[in-house]
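Trainee: Provided herewith is a single structure, encoded as structure tokens, for subsequent inquiry.
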Amino acid sequence: MTAEELATRQELPVNYLETILLDLRRGGIVASRRGPDAGYRFVRPAEEVTPADVMRTLDGPLAEVRGLRPELTSYSDALHRSSSCGSALRASLREVLEGVSIAQLARGELPPRLRELVATPTRGSSISRRRARRPPV
């Protein structure tokens, strides 16, 4: 698919998308082809590419504190006990972003564990409702 086709489908500016595709090409996620069959394709089968692969290529580690992985960050004694929260966050992100392939997302499929997470109500929904009730300023 060409950058123009993808940009049109996703309603994105072509220049913005081309910047992302260039980063993905440099990161070995996609390859580009010029000529009559021009476009971009995944280097590996889409079943083997995860959102985590894409995000790491574009943004670096999935979760970091002060530019380091949570488990490599040092804390004062008072904060040491809370450092496991960063590790838990990273593990949760990895579970979701490594637990599904780009191909599954394109087909609208989620693996059972991720369907279970989606079906579980979150506390965040009550925060959203509280914010919605605030009167306009």
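Trainee: Looking at SER87, SER126 in this structure, which one is modelled with pLDDT of 55 or more, open to solvent by less than 70 Å² (accessible area, probe 1.4 Å) and not in a loop (DSSP other than H, G, I, E, B)?
Mentor: Answer to the selection: SER87.
Trainee: Starting from region 8-34, take each residue that is within 21 Å of GLU47 (Cα to Cα) and without any contact (Cβ under 8 Å) to a residue 24 or more places away in the chain and list its partners that are assigned to a helix (DSSP H, G or I) and open to solvent by 100 Å² or more (accessible area, probe 1.4 Å), counting only C-beta distances under 6 angstrom and pairs at least six apart or across chains.
Mentor: Pairs found: SER32/ARG25.
Trainee: Right, here's the next one. Failed condition for THR2, given (1) open to solvent by less than 60 Å² (accessible area, probe 1.4 Å); (2) at negative phi; (3) of a type outside the set (D, E, K, R); (4) modelled with pLDDT of 95 or more, with all others met?
Mentor: Exception for THR2: condition (4).
The values are calculated or read from the model by the stated rules, or taken from the named source; none is laboratory data. Just so we're clear, the structure is a prediction, and the values are computed from it rather than from any experiment. Virtual Cβ from ideal backbone geometry, glycine too; neighbours counted across all protein chains shown. Areas reflect the complete protein model, heavy atoms only, side chains present, ligands, DNA and RNA absent. Shrake-Rupley method; radii C 1.70, N 1.55, O 1.52, S 1.80 Å.
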